[in-house]
1. Report the charge-dipole magnitude of the chain in Debye, nearest 20, computed about the Cα centre from +1 at each Lys and Arg Cβ and -1 at each Asp and Glu Cβ.
2. Distance between the C-alpha centers of the range 293-321 and the range 62-129? Whole Å please.
3. Please work out the average accessible area per residue across the chain, using the 1.4 Å probe convention, and give it in Å².
4. May I ask you to order 208-219, 290-301 by the average number of other C-beta atoms within 10 Å around their residues, highest value first?
5. Distance in nm between label sites at Arg63 and Asp155, each 7 Å beyond Cα in the beta-carbon direction?
6. If we sort 274-286, 40-52, 101-113, 78-90 on the protection proxy, mean other Cβ atoms within 10 Å, highest first, what's the order?
7. Label Asn272 and Arg29 with points 7 Å out from Cα along Cα→Cβ: what is the distance between them in nm?
8. Kindly state, to the nearest 0.05, the FRET efficiency for Val169 paired with Arg385, given R0 = 25 Å and r defined as their beta-carbon distance.
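The values are calculated or read from the model by the stated rules, or taken from the named source; none is laboratory data. Bear in mind the structure is a predicted one, so any value in this text is a computation, not a measurement. All Cβ positions, even for glycine, are placed from backbone atoms using ideal geometry, and neighbour counts span all protein chains on display. Note: accessible area is taken over every heavy atom of the protein model, side chains too, but ligands, DNA and RNA are not part of it. Shrake-Rupley method; radii C 1.70, N 1.55, O 1.52, S 1.80 Å.
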Amino acid sequence: MTLWLAIVAVGLTLRPTLTSISPLLPQIREATGMTYPVAALLTSLPVLAMGAGAFAASGLTRRFGERRGVLLGLVALALACGVRFFADDTVTMIATALASGIGIAIIQALLPGVVKANYSAARMTSMMGLYSAALMGGGGLGAAASPWAASEAGDWRVGLGMWLAVVGVAALAWWRAPLKVHAVAHGVTPAATSTTSGKPPSMLDLLRKHRAWTLAVYFGLINCTYTTMVAWLPPFYQQRGMSATQSGALLAGLTACQVVAALMLPWLARRNVDRRRWLTLALAATLAGLAGLVVAPDAAPWWWIGGIGFGLGGTFSLGLVLALDHHAHPRHAAALAAFMQGVGFCIAAVAPFASGAVMAMTGSFMPSWIGLIVLNVALIALTWRFDPQGYASALGLSRDGHTGQRQGA
């Protein structure tokens with residue numbers, strides 16, 4: 001089993017537990033009696049756990065190593081999927097959401113460092129795109145296959161629990177993959193011109209760095225659009241007359257466009273460490289799709305969803321690359337990526353809950369779509385702060401890549 005296939009297999013497990021929920025939400029709410037804000041927790045809570053769990057990544061790496069750490073995350077995902085075969089109440093569903101979020105958090109925090117350690121600088125960008133595409137492709141499969149399986153079985157729980165088999169295959173692939181975890185990537189980034197290893201920064205160290213916070217807020221605000229779409233896009237179109245299967249297909253289409261962008265944009269951006277114009281292009285695509293949802297949601301839904309999906313796929317994959325660009329040493333870069341994801345997913349977790357509360361008060365998702373438009377305009381402005389010439393000074397590094405006295409920028 002080659003490493004890239006194992007990374008793809010693991011990536012496929014990281015979104016079905018989220019995207020399988022919203023197409024089946026009417027059945028879940030009918031069976032459990034959940035209100036809209038409580039139902040939003042099925043998406044918000046895993047994302048919040050993904051954020052909080054990322055802070056434990058460095059400790060897990062030291063204690064278990066990357067191979068066993070990722071396997072630990074897969075065990076948590078398997079537990080969540082297995083229990084969902086038998087879930088029939090709100091508390092159990094919330095517990096499975098929490099378990100899946102913890103598992104996803106561990107895996108997402110460790111895999112970027114694995115990619116950085118095992119691939120050259122030129123290949124790292126493409127591999128992060130492939131990993132992101134697998135992650136998003138799994139989300140599409142969850143949105144499309146779960147309502148179909150639930151319909152065939154006559155039980156919504158089958159549609160949620162079926163992903164246990166995929167997690168099992170991924171665990172086997174990961175266990176057998178050749179893995180190098182301590183090597184330094186062959187290429188260097190503007191943040192450092194030395195690959196000398198050293199102790200990675202702790203989360204407390206990163207809390208004092210302005211650039212780490214800027215990256216985290218940026219990543220979190222990008223993912224607010226994703227978490228809101230995952231939670232409420234199918235219910236939005238079900239209100240407008242679509243079936244669960246049709247609205248699930250729409251969400252699957254969004255993730256298919258994410259996959260295309262996650263593969264395409266990192267490949268296009270591979271020759272230049274300045275990622276800003278590609279990030280701006282992706283954000284503009286998201287904006288165009290959101291504008292369509294507000295102005296004419298029924299006129300061309302596949303076009304609107306395609307734009308949103310393309311934009312989200314590009315910004316997610318390039319956002320991860322952006323963090324890894326800041327340091328040449330794999331575990332230093334992985335620590336920064338883990339911090340970015342930790343804070344970022346905590347921010348993104350708020351969005352589905354807020355949209356659910358707005359829906360409960362107004363009976364409409366339109367205010368949420370308008371809010372996301374404003375958010376993405378602000379993100380375009382923030383994108384242009386990421387000038388690669390300033391990466392080293394922004395992290396308080398000297399020109400040789402070692403930590404200097406400066407603590408932030």
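1. Using only the charged Cβ atoms, the result is roughly 1340 debye.
2. 25
3. Normalised by residue count, the accessible surface of the chain is 37 Å².
4. Sorting 208-219, 290-301 by mean packing, highest first, produces 208-219, 290-301.
5. Computed distance between label sites Arg63 and Asp155 equals 3.5 nm.
6. Ranked from most to least packed, the peptides come out as 101-113, 40-52, 274-286, 78-90.
7. The answer from the label model is 4.7 nm.
8. 0.05
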